[in-house]
Amino acid sequence: MLRRIAPALLTVLVVSLGVAALAARPPQSAPHRTADFVVLAGVAGLRWEDVDPQSTPTLWRMAEEGSIGSLSVRSAHRPTCPVDGWLTLGAGSFAAWNGSRAAGGCPAAGVAVEQPDGIGANLPDQESVVQYNQQRLPWGAVPGSLSESVRCSVAVGPGAAVAAARPFGRVDRYASALPADPRVLLGSCVLSIVDLGTVKGTDPATRAEEARAADAQLARVLAARPPRSLVLVAGVSDTAQPSRLHVAVADGPGWERGWLTSASTGRDGYLQLVDLAPTALAALGRPMPEQLFLGRPAMRTGGRPADLADAINAPADADREAAAQRGVSGGFFTFLAGVQVLLALAVLPLLRRARRQAGPSGPTPVSARVVSVVELVLVAAALTVPAALLADAVPWWRSEHPGWIFAGVTALLVAAGTAAVRFAPGYAGTLGPVGAVAGLTTLVVGLDVLTGARLQLNGVVGYSALQGGRYAGLSTVGLGVFLAGALLSGGWLAQRVQRGWRPAVMVAVGGLAVVVVGSPYLGADPVGAIALTAGVSVAAVISAGGWLTVSRLAWATMAALAVGIGFAVVDLRRPAAERGSLGRFLSALGDGTGGFTVHRSSTENFETLVNSPLTVVALAGGLLVWFGLLQPWGGLMRLFGIYPAVRAALAGTVVAAMLGGVLDGAALDVAGAAAALVVPMAALASLRVLRHAADRTRPVPGRSRGDGADDDSGSGGVGPAGGGDGPTGGGGPLGAVHPRPISAPSASALGAVAPPPPAPADGCADAEDPGEPTAGGSTPDAAPTVAVPPRQVTRSSTEVAAS
């Protein structure tokens, strides 16, 4: 009785754990007023490599006393031009200036600022800019939301006027440059925004001179700052391609000597440009606007090195890594796609010739040496993505040739991983390499997530802080390989236990993976956790055998919906500013603004589908499986019949990867990453099954399984599953029996075969399954293989009748 209800109980447990893991959040204190005035000082293009005690002494002292971080300046346009950066600062959401611009460039004309009364200013183009962001862009940003949230604001310089202009174009107080004594101007309103200039170009001397001029203006601002004020200095935009990380410094009460972070990044030392507007309002104790900012208020965290030079090295090094990652990542995934396509083309002829024929005729099988080499290549291909992730533990981006260094480190790690799998115990078994590769992949990605996902950030197979999508947790590629590795590991383990306990094993392993993916302390991917729950449920219901029926699919879908609905209910009960992505989306649906999110997701799916090399990996893997492995000669159907838990794991992987990619706006990227691991392992296991399809073994009563193969036929004596040429005792992939030959075997052949052992006294077959032949041709713990003369091949009675 307990065995029957154990899988159901474990499923309820994993759903509860999934909801609890998704609902749990790191403690966040409610923002409280810390300042009477806020001064936002922006320098377009300012990076940490421009900051030093000689060129920027004021900023250096400010950074020593305050909190620092790397600023991602993502906006609604890429690259983020200075006007886009200032507009995003004032909107608190991703925004962009309208008007003509070259592809990948910035608007040629400057911003028109009119001063009709000598006090404030007007931006005549502001209303059209608001309409452009509201109607043409998918973020629904409202330029001027920051200034609309305070009674009065000051702008100094044209860039600051763009940030401080209200939606109808009015700037409350404006000066084109800092006056001789800025005290009165900066103290006239609670919010002041100052344009300190621009640092552009690639020449170090030119950049140093422009940074020195901006630092001189900053010194005047700090000298005139109002009492009990918070001063934020930010490199608000890029000035050229490619995008880079920029400077963020906060100096004021409660911001002493720490790292800057926010709930939007979830990682110490990282901040987004859209976080500056809510940071200013939170410091002033003002409520957020009705249409919430995309950003979150910045916070100070500890752990910063006492020496500022050492502290600045961290964001400067992160900027170099992120810049190098952009070029190396594209080349790596293109190479990965090419390797996967070539492997698919190379495996197809091997599959056609892998099965040894029982009769005297047929194609000559491929030599064992060639098959062994191909198997090692398949193992290496499956380990490429986790090896690339692990390669980021080596600072390859600091070299003069980062791409070559990364390629060399990754190749060494692939070779080491392949050797570890090759000499691991159980490699000779059919599922030995599958279990080793899946376990190694799950271990590498899981340990990285458990230790803060440091290899994911700015990693080649991770996410880039320059993109502004993720800063913590699992990347899209990491999610794909982790869910594939976890489900394959669960299938490998489930295949080694009794059939009744296989769903419990799948649920237990999958439940741990759901917690790792969904917990905000770990993977921080609630959508991925929901998708993985669906995959685990599918795998659990068919792991003991049988097909994915409508009722089983409905049961799996309900389990995934239970996690999603449970998390949504908990998330919606939080305050609006503390909700996660799912809670925000449901709230947007309720107030009629959910169309922006749906439009963004569909746009991201389409762009990723068209531009990503992982789409090629997913399609190549799918074509190999459908037109090769699933064919009668492909071996995968035979593998599914012998190892139903592995079939369940692969089915769950497909469900989880497809669902996770679509819901995350990643199209086929998750499926492509999963396919890079799963398809080579499926091809390897199919080759091994086909290689032993014609083996004849003599069953021994009471012998335990060598590799967990199932015997659904209840008979033994022929083939690894104990029946005929198919996994269930027949000849075809689904167990269809070959036509019986008209002529019987010769007497000498019959005499060479030992008689079958007597049946047990109770008339029942052995509860355990016979062993699967190993790669070396022998069956573990079994009697030696008995040589059987080839059968006489004649036309069947059906063929005779047809003729």
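The values are calculated or read from the model by the stated rules, or taken from the named source; none is laboratory data. These numbers come from a predicted model, not from an experiment. Every residue, glycine as well, gets a Cβ built from its backbone with ideal geometry; the counts of neighbours run over all protein chains shown. Accessible surface areas use protein heavy atoms only, side chains included; no ligands, DNA or RNA. Shrake-Rupley method; radii C 1.70, N 1.55, O 1.52, S 1.80 Å.
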Original post:
What nm distance separates the two modelled labels at Val497 and Thr34, each placed 7 Å from Cα along Cα→Cβ?
Top reply: 4.9 nm
Original post:
Quick one: ranking Ser149, Ser176 by accessible area, 1.4 Å probe, largest first, what do you get?
Top reply: Ser176, Ser149
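Based on the Cβ-Cβ distance of His401 and Gln631, what FRET efficiency does E = 1/(1 + (r/R0)^6) give at R0 = 41 Å, to the nearest 0.05? Kindly include the intermediate steps, with their values, before the conclusion.
Numbers: r = 45 Å, r/R0 = 1.09.
That gives a FRET efficiency of 0.40.
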Subject >> Residue-by-residue Karplus 3J(HN,Hα) for the stretch 259-268, coefficients 6.51, -1.76, 1.60, Hz, glycine and proline x >> reply: 9, 8, 8, 7, 5, 6, 9, x, 9, 4
Original post:
Which residues' amide hydrogens lie under 5 Å from the amide hydrogen of Gly69, considering only partners 5 or more residues apart or on another chain, with H built in the peptide plane?
Top reply: Ala248, Leu260
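Once a ≥ b ≥ c are taken as the square roots of the eigenvalues of the Cα gyration tensor of the stretch 42-179, is the result rounded (a/c under 1.5), prolate (a/b larger than b/c) or oblate (a/b not larger than b/c)?
oblate
At a 1.4 Å probe radius, carbon and sulfur cover how many percent of the accessible area of the stretch 216-338?
Exposed carbon and sulfur together represent 55 percent of the surface.
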Original post:
Once the Cα atoms of the stretch 474-559 are picked out, what are the Rg and Dmax in Å?
Top reply: 12.7, 37
Original post:
How much accessible surface area, in Å² rounded to 10, belongs to the heavy atoms of Tyr132 with a 1.4 Å probe?
Top reply: 60 Å²
Original post:
For Ala216 and Gln131, what is the calculated FRET efficiency with R₀ set at 35 Å and r taken between the beta-carbons, to the nearest 0.05?
Top reply: 0.35
Subject >> Whole-Hz couplings from phi, Karplus 6.51/-1.76/1.60, listed for the stretch 306-320; x for Gly and Pro >> reply: 5, 7, 5, 4, 5, 5, 5, 4, 5, x, 5, 5, 5, 5, 5
Original post:
How large is ³J(HN,Hα) for each residue in the stretch 221-227, as worked out from phi by the Karplus curve 6.51 cos²θ - 1.76 cosθ + 1.60 (θ = phi - 60°), to whole Hz, x for Gly and Pro?
Top reply: 5, 5, 5, 9, 5, x, x
Subject >> FRET efficiency, Ala393 to Arg369 (Cβ-Cβ, R0 25 Å, nearest 0.05) >> reply: 0.10
**OP:** Multiply the residue separation of Leu342 and Gln467 by 0.36 nm, subtract the distance between their alpha-carbon atoms, and state the gained length in nm to one decimal.
**Re:** 41.9 nm
Original post:
Mind checking the log10 I(q)/I(0) for the stretch 434-516 at q = 0.11 Å⁻¹? Debye, one equal scatterer per Cα, no solvent, two decimals.
Top reply: -0.33
**OP:** Hey, can you grab everything whose amide H is under 5 Å from the amide H of Gln272? Only 5+ residues off in sequence or another chain; H modelled, so Pro and N-termini drop out.
**Re:** Ser72
